[in-house]
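Working notes, structure below.
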Amino acid sequence: MNFRAVRAIYLFEMARTWRTVLQSIVSPVISTSLYFVVFGAAIGSRITSIEGVSYGTFIVPGLVMLSVLTQSISNASFGIYFPKFTGTIYELLSAPVSYVEVVLGYVGAAATKSILLGLIILATAGLFVPLHILHPWWMLTFLVLTAVTFSLFGFIIGIWADGFEKLQAIPLLVVTPLTFLGGSFYSVSMLPSGWRTVTLLNPVVYLISGFRWSFYEISDVSVGWSIGVTCMFLVICMFVVWWIFKTGYKLKN
């Protein structure tokens, strides 16, 4: 394992975050704060509590997951797409660096940025509503698993995309709607039985449900299912990345 190469890629990607701190950190925090203000004032006045938890407190895990999912994909996809766009990807491919080390560097940096952002948003949420994390280690486990999994997914999107439009298509048209429909701002149990069954086909439901359980011990699905679905998606993403480097898909042409 060439740890020097991993460290170089990792530090380069982390340095890009500090150069664009307004876009990478400040903007997501402000957006999340606006969600608290808008949803807390508009919906919170009509829904006093869900399963014994005040509405403002209930939506905190969903808002954190919304930011972590979108930022993980955005950071990882742009991180690998930009070298393709500028042509410097060929220098990386010709260097004595394995694909495992490349993935560790890019995905590790993207996941780190997303985890830091999630923790900052949690601290910001504490300024609006009282927070009680009943299982902090499980909370960190779900946070890290989600950040790593969707950073890998973003890495795949960055390799697949051949334009900035494609780079934004899946996060905007697929991931964000699935997150909003995945129980970020409501409990799945509040839906009619038919819609509840459809909603359970949404994989994001399992991520948000498990993350919310670590806070309040309330969930829409069992914790075992939440961990299982997350790990399954992680394995799928790892297999796709392995296949991409094995075949050179959109890397060697």
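The values are calculated or read from the model by the stated rules, or taken from the named source; none is laboratory data. Just so you know, these numbers come straight off a predicted model, no measurement behind them. Here the Cβ positions follow ideal geometry from the backbone for every residue, glycine too, while neighbour counts run over all protein chains shown.
Return the total of residues in the stretch 45-82 being surrounded by fewer than 17 Cβ atoms within 10 Å (Cβ to Cβ) and under 21 Å from residue 114 (Cβ atoms). Residues that pass the stated criteria total 1. With the condition kept exactly as written, say whether any residue in the stretch 45-68 is at pLDDT 85 or above, closer than 30 Å to residue 216 by Cα and in contact with a Pro (Cβ under 6 Å, 6 or more places away or on another chain). Within the stretch 45-68, one or more residues are at pLDDT 85 or above, closer than 30 Å to residue 216 by Cα and in contact with a Pro (Cβ under 6 Å, 6 or more places away or on another chain).
For residue 235, state whether it is within 19 Å of the chain's Cα centre (by Cα), surrounded by fewer than 16 Cβ atoms within 10 Å (Cβ to Cβ) and of a type outside the set (S, T, N, Q). For residue 235, the condition - within 19 Å of the chain's Cα centre (by Cα), surrounded by fewer than 16 Cβ atoms within 10 Å (Cβ to Cβ) and of a type outside the set (S, T, N, Q) - is met.
Here is a check on your reading of the model: is residue 14 at pLDDT 80 or above and in contact with a Leu (Cβ under 7 Å, 6 or more places away or on another chain)?
On the way: at pLDDT 80 or above: yes; in contact with a Leu (Cβ under 7 Å, 6 or more places away or on another chain): no.
Here the answer is no, as residue 14 does not meet what is asked.
Restricting attention to the stretch 142-181, the residues that are within 19 Å of residue 80 (Cβ to Cβ), among the aliphatic types (A, V, I, L, M) and surrounded by 15 or more Cβ atoms within 10 Å (Cβ to Cβ) total 10. Scanning the stretch 74-91 for residues that are under 21 Å from residue 7 (Cβ atoms) and free of Cβ contacts under 8 Å to residues at least 24 places away in the same chain yields 82, 83, 88, 91. Residues that are farther than 22 Å from residue 28 by Cβ and either modelled with pLDDT under 85 or of a type outside the set (Ser, Thr, Tyr) (or both) do occur in the stretch 207-216. Contact map, the stretch 188-200: first residue assigned to a helix (DSSP H, G or I) and modelled with pLDDT of 80 or more, second residue surrounded by 16 or more Cβ atoms within 10 Å (Cβ to Cβ) and of a type in the set (S, T, N, Q), Cβ cut-off under 9 Å, separation 6 or more or different chains; pairs are 188/199; 188/209. The residue that is nearest to residue 160 (Cα to Cα), counting only those in the stretch 84-141 that are surrounded by 18 or more Cβ atoms within 10 Å (Cβ to Cβ) and among the aromatic types (Phe, Trp, Tyr), is 106. Whether a residue is within 13 Å of residue 66 (Cβ to Cβ), in contact with a helix residue (DSSP H, G or I) (Cβ under 8 Å, 6 or more places away or on another chain), assigned to a helix (DSSP H, G or I) and not hydroxyl-bearing (Ser, Thr, Tyr) was assessed, and residue 208 passes this test.
Within the stretch 147-161, can one find any residue that is outside any helix (DSSP H, G or I) and among the hydrophobic types (A, V, I, L, M, F, W, C)? Outline the logic, then answer.
Applying the first criterion (outside any helix (DSSP H, G or I)) to the stretch 147-161 yields 161.
Retained after the next criterion (residues that are among the hydrophobic types (A, V, I, L, M, F, W, C)): 161.
Checked the stretch 147-161: at least one residue is outside any helix (DSSP H, G or I) and among the hydrophobic types (A, V, I, L, M, F, W, C).
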